[in-house]
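The values are calculated or read from the model by the stated rules, or taken from the named source; none is laboratory data. As the structure is a computational prediction, the values presented were derived from the model and not from experiment. FYI the Cβ positions are ideal-geometry reconstructions off the backbone, even for glycines, and counts take in every protein chain you see.
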Amino acid sequence: MPARIVEVREGVLKKNDLLARELRERFAEAGLAVVNLVSSPGSGKTALLERTLAGLAGRLRAGALVGDLATDNDARRLAASGAPVRQITTGTVCHLDAEMVGRALAGWNLTELDLLFIENVGNLVCPSSYDLGETLRAVLFSVTEGEDKPLKYPTIYNSADLAVITKIDLAEAVGFDRAAAREAVDRVRPGLEILETSARTGEGMDAWIERLAGLAGREVRHPAAGRATA
Ligand code: MG
Ligand code: ZN
């Protein structure tokens, strides 16, 4: 690659890192935990978020920023939960960067939230290089994608804190090899925590929600499940 292009890219990333650091400070001051959801298109980020926001309602105050190249369909879908949601439409840009997140947060009183989800643009490549100031980066891996996905896109797995297998209700129908998928994750990122979820049946949602509540430093109340909490 010509030196000039490398220089420009490094400049862009350096600027992003500075802005991400400012965001991280701002989130910390507001007592806000931020989750960056990354995956290929169609892995079920919006469906997982929809179910998550519904599950968190009345327990934690959660909001979402949704990135897409075009349309505000996902934001409208998520807003039905009653949670505050904003759309970032990137046009031709295939990832979110810290500047876009900062701009989208303008005028939003972050102290009113415990958790903010950022649904990144569906893309397993460049979102790995853009820090958004998040507390946790979760990479989604749907059972319809092929067990070797982590081997093909190791960088995103290396930048993630958690892998969430989605659409687990379809595992049998599509012949998903759970052991092979887990082994692929473990090969690129030994020890990475893996959760299995289904936004359709609710399987695994409790564990995911507990994980999020821990992040926000809050006890989750389970009024619906009737579970006793101290
Ligand atoms: Mg979506
Ligand atoms: Zn991109």
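Quick notes
- Output for segment 197-213, where each listed residue is of a type in the set (Asp, Glu) and part of a helix (DSSP H, G or I): Asp206, Glu210
- On the stretch given as segment 74-109, residues that are under 13 Å from Arg26 (Cα atoms) and either crowded, with 16+ Cβ neighbours inside 10 Å or touching a Ser or Thr at 6+ places or on another chain (Cβ under 8 Å) (or both) total 4.
- Restricting segment 131-177 to residues that are within 15 Å of ligand 2 (Cβ to nearest atom) and either without any contact (Cβ under 8 Å) to a residue 24 or more places away in the chain or under 18 Å from Val188 (Cβ atoms) (or both), the residue that is surrounded by the most Cβ atoms within 10 Å (Cβ to Cβ): Ile156
- Enumeration of residues in segment 104-130 that are polar (S, T, N, Q) and within 16 Å of ligand 2 (Cβ to nearest atom): Asn120, Asn123, Ser128, Ser129
- Among the residues making up segment 110-130, a single one is surrounded by fewer than 17 Cβ atoms within 10 Å (Cβ to Cβ) and within 22 Å of Leu195 (Cα to Cα): Val125.
- Close pairs from segment 1-26: first in contact (Cβ under 8 Å) with a residue 40 or more places away in the chain, partner of a type in the set (A, V, I, L, M, F, W, C) and part of a helix (DSSP H, G or I), Cβ under 6 Å, at least 6 apart: Asn16/Ala98; Leu19/Ala98; Ala20/Ala98; Leu23/Ala98
- Looking only at residues of segment 26-37 that are away from ligand 2 (no atom under 16 Å from the Cβ) and aliphatic (A, V, I, L, M), we find that the one that is surrounded by the fewest Cβ atoms within 10 Å (Cβ to Cβ) is Ala28.
Yes or no, residue by residue, for (1) assigned to a helix (DSSP H, G or I); (2) within 14 Å of ligand 1 (Cβ to nearest atom); (3) small (Gly, Ala, Ser); (4) closer than 21 Å to Leu136 by Cα:
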residue	(1), (2), (3), (4)
Leu48	yes, yes, no, yes
Thr52	yes, yes, no, yes
Leu60	no, no, no, yes
Gly63	no, no, yes, yes
Gly102	yes, no, yes, yes
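- Taken together, the residues in segment 117-143 that are in a loop (DSSP other than H, G, I, E, B) and more than 29 Å from Ala57 (Cα to Cα) amount to 3.
- Of all residues making up segment 38-55, the number that are under 14 Å from Gly67 (Cα atoms), buried (at least 22 other Cβ atoms within 10 Å of the Cβ) and either touching a Gly at 6+ places or on another chain (Cβ under 8 Å) or at pLDDT below 95 (or both): 2
- Within segment 104-132, the set of residues being within 16 Å of ligand 1 (Cβ to nearest atom) and in contact with a Cys (Cβ under 7 Å, 6 or more places away or on another chain) comprises Val121, Asn123.
- Single condition Gly67 does not satisfy, out of (1) within 21 Å of Ile156 (Cα to Cα); (2) touching an Asp or Glu at 6+ places or on another chain (Cβ under 7 Å); (3) in contact (Cβ under 8 Å) with a residue 60 or more places away in the chain: (3)
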